[in-house]
Amino acid sequence: SRTPTATPVAANPIVNPGFESGPNAGWIEASDGGFSLIMNTDFPPGITPHSGQWLAWLGGAVTEVASVRQTVIVPVNAPLLTYWAWLTSDEPECNADNGKVAVNGEEIVEDYWLCQATNTTGWTQRSVNLAAFAGQEILLQIQAENNNGTLASSLFLDDLAFTNTARTTRLPVT
């Protein structure tokens, strides 16, 4: 049997969806540690962008909260946000570090642990249903939050799009 492939909308409302225009196009970066998040060099060993030369690296340091966000209009005909994620963590316990997708700064629409059990060892496509916001302008935010421990987790992002077909890898929910 075949797995359906996500079909992007003709005009992706996300500005700079693959980060290929660099850090100052579309996305607002926030990092408690003052790190640049949208980058094309100095990736950890073995990490490469899903496509192109750029990606966003959230986390990667202890006590770090990092996010990328932008205002978008959720398409009525394609309200599923898809993105490629690569999760890496040294945390043995799944109860501290997490990744999340939020709408308008408050509503968490996806929340998952960043820990050894959720390491992906490569890119996986995730899908978040934003049909409740179809036709609306929202502030879309993707975030990684590392606790006050001594081990770091990372959430790498690339190639975001709105589609009409879901394809996702489920991870343990926080």
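When only C-alpha pairs under 8 Å and at least 6 residues apart count, what is the relative contact order of the chain, in percent?
Numbers: 461 pairs, mean separation 58.8, N = 174.
Once normalised by length, the contact order is 34 percent.
In the neighborhood of Leu58, defined by Cβ-to-Cβ distances under 12 Å, what is the net charge if each Lys or Arg adds +1 and each Asp or Glu adds -1? The partial results should precede the final answer.
On the way: positive: Arg69, Lys100; negative: Glu29, Asp32, Glu64, Asp97, Glu145, Asp158.
Taking every Cβ under 12 Å from that of Leu58, the sum is -4.
Work from the charge dipole of region 44-174 (Cβ charges, +1 for Lys and Arg, -1 for Asp and Glu, about the Cα centre) and give the residue of Gly105, Gly60, Thr120 farthest towards its positive end.
Toward the positive end, the furthest listed residue is Thr120.
Based on alpha-carbon centroids, what's the gap between region 37-68 and region 101-134 in Å, whole number please?
17
Let me check I have the definition right: for the chain, take the eigenvalues of the Cα gyration tensor, multiply each by 5, take square roots. What are those semi-axes in whole Å, largest first? Working shown, then result.
Working: eigenvalues 115, 62, 52 Å².
Each semi-axis is √(5λ); the values are 24, 18, 16 Å.
Accessible area per residue, 1.4 Å probe, Å², for the chain: what's the number? Walk me through the numbers before you get to the answer.
Numbers: 8110 Å² over 174 residues.
It amounts to 47 Å² per residue over the chain.
With Cβ to Cβ distances under 15 Å as the rule, what net charge do the other residues near Trp27 carry (K, R +1; D, E -1)? Please report the intermediate quantities before stating the final value.
Numbers: positive: Arg69; negative: Glu20, Glu29, Asp158, Asp159.
With Lys, Arg at +1 and Asp, Glu at -1, the net is -3.
How much of the accessible area of region 1-149, in percent, comes from carbon and sulfur atoms when a 1.4 Å probe is used?
48
If you take the beta carbon distance between Ser51 and Glu93 as r and set R0 to 35 Å, what does 1/(1 + (r/R0)^6) give as a FRET efficiency, to the nearest 0.05?
Details: r = 33 Å, r/R0 = 0.94.
So the FRET efficiency works out to roughly 0.60.
The values are calculated or read from the model by the stated rules, or taken from the named source; none is laboratory data. Quantities reported herein were computed from a predicted structural model and do not represent experimental measurements. So basically every Cβ, Gly included, is an ideal-geometry build from the backbone, and we count neighbours across all protein chains shown. With ligands, DNA and RNA removed, areas are computed over all heavy atoms of the protein, side chains included. Shrake-Rupley method; radii C 1.70, N 1.55, O 1.52, S 1.80 Å.
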